[in-house]
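Novice: Pasting a structure below so you can have a look.
The values are calculated or read from the model by the stated rules, or taken from the named source; none is laboratory data. Because the structure is predicted, anything quoted here is derived from the model rather than measured. Every residue, glycine among them, receives a Cβ derived from its backbone with ideal geometry; neighbour counts consider all protein chains shown.
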Amino acid sequence: MSGSRPDPEALLRRLEWTVLKRLDGLLHGDYRTLFRGFGLDLADLREYQYHDDVRYIDWNVTARLQTPYVREYYEDREVTAWFLLDVSPSMDFGSAARKRAVLEDFFAVLARLLTRHGNRVGALLYGERLDTVVAARGGRKQVLEILYRLQRRPAAQTSAPTDLGAFLRDAGNLLKRRSLVFLVSDFFSAPGWERPLAQLALRHEVLAVRLYDPLEMEIPDVGLVLVQDAETGEQLFVDTGAPAFRRRFAALAARREERLRAGLREAGVDALEIATGEDLTEAIVRFATLRKLRGRRAAGALGQGAGRAP
């Protein structure tokens, strides 16, 4: 993913023959492990049974009857997935690969995984603001169209800091029907995005995909260097050879990590973290495995609780 990027057709073909082919073998076709709780119409209510998905518990009925009840659904044949893609200036940074290149690869893989099962995908692109909306459609051509839009965008310019909160509020106003939503960003943003993300997750199935570069966690000793803030353009000479500077940098990065993960937990969304240079297939399979295990543990805990007398 480093160096010059292939055109969208070549990029997608490569990913179909590498990442998607490997995912088919590792997930054994169970791509729904990644995508729970979307495209459903209520059919009936029944008592909870062990291994039922705890996401479908009807808490109002459960409280009235003092027994766990779950909703049963008819599943829509078609899923609509929206990709909220952050292409702000900080996404052009990367050591092993630019975060923006990782974003393109991730989008291409997940969108193609969805469209080849007959689902629709759309995209919202954020630069300095939400500036591009690609209506949801199905098919491989739709994936290529969004890739063309991403690759034709000019290099990001310095600007005011990214405001993911505004992006999420705009997305919430645009996305009316319940959908599967991927927020793909490095989360370098002005504060205040947690509440809009939580509000979006109340209506939609939201997955946060956080992209990062190892150099954002710990800076190496490379002597005196000129650094530039990708968002604002501010420049500063720093002495990376100074141990005290590297310690302060690592401490600030650790605090940011804590705030970011706390914000995602507060919003109640699952998160996939992908480093530049990381194997995309392994990252997606790891995420699918964690979601499956989390669902089983939650169901097991609830089943044990339901078996005890009130």
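Novice: Mind counting the residues in the stretch 276-310 that are hydrophobic (A, V, I, L, M, F, W, C) and modelled with pLDDT of 60 or more?
Specialist: 8
Novice: Asp221 passes all but one of (1) at pLDDT 95 or above; (2) touching a Gly at 6+ places or on another chain (Cβ under 8 Å); (3) not basic (Lys, Arg); which number fails?
Specialist: Of everything listed in (1) at pLDDT 95 or above; (2) touching a Gly at 6+ places or on another chain (Cβ under 8 Å); (3) not basic (Lys, Arg), Asp221 misses just condition (1).
Novice: Out of the stretch 124-149, which residues are more than 17 Å from Leu114 (Cβ to Cβ) and hydrophobic (A, V, I, L, M, F, W, C)?
Specialist: Leu125, Leu130, Val133, listed by residue number.
Novice: Name the helices (runs of 4 or more DSSP H) wholly within the stretch 134-212 that hold at least 2 residues that are under 23 Å from Val102 (Cα atoms)?
Specialist: Helices (runs of 4 or more DSSP H) meeting the threshold: 140-152, 164-174.
Novice: Residue pairs, Cβ under 8 Å, 6 or more apart or interchain, first in the stretch 152-169 and under 14 Å from Asp86 (Cα atoms) and modelled with pLDDT of 95 or more, second part of a helix (DSSP H, G or I) and aliphatic (A, V, I, L, M). List them.
Specialist: Correct list of pairs: Leu164/Leu197; Leu168/Leu197; Leu168/Leu200.
Novice: A follow-up question, please. Filter the stretch 170-179 down to the residues that are closer than 18 Å to Val269 by Cβ and either in contact with a helix residue (DSSP H, G or I) (Cβ under 8 Å, 6 or more places away or on another chain) or without any contact (Cβ under 8 Å) to a residue 12 or more places away in the chain (or both) and list them by number.
Specialist: Within the stretch 170-179, Ala171, Gly172, Leu175, Arg178 meet the criteria.
Novice: Counting only residues that are touching a strand residue (DSSP E or B) at 6+ places or on another chain (Cβ under 6 Å) and either outside the structural domain of Leu207 (by TED's automatic domain parsing) or assigned to a helix (DSSP H, G or I) (or both), how many does the stretch 246-274 have?
Specialist: 1
Novice: Moving on to the next point. Output the residue which, of all residues in the stretch 243-266 that are surrounded by 14 or more Cβ atoms within 10 Å (Cβ to Cβ) and modelled with pLDDT under 90, is nearest to Leu200 (Cα to Cα).
Specialist: Among those that are surrounded by 14 or more Cβ atoms within 10 Å (Cβ to Cβ) and modelled with pLDDT under 90, it is Ala253.
Novice: For residues that are in contact (Cβ under 8 Å) with a residue 60 or more places away in the chain and either assigned to a loop (DSSP other than H, G, I, E, B) or not assigned by TED's automatic domain parsing to the domain that holds Asp213 (or both), tally how many sit in the stretch 83-133.
Specialist: 9
Novice: What are the residues in the stretch 171-204 that are of a type in the set (Lys, Arg) and surrounded by 14 or more Cβ atoms within 10 Å (Cβ to Cβ), if any?
Specialist: Arg178, Arg195, Arg203
Novice: How many residues does the stretch 107-157 contain that are under 20 Å from Trp17 (Cα atoms), of a type in the set (Ser, Thr, Tyr) and crowded, with 18+ Cβ neighbours inside 10 Å?
Specialist: 1
Novice: Can you report the number of residues in the stretch 54-88 which are at pLDDT below 90 and either among the β-branched types (Val, Ile, Thr) or buried (at least 22 other Cβ atoms within 10 Å of the Cβ) (or both)?
Specialist: The total comes to 7.
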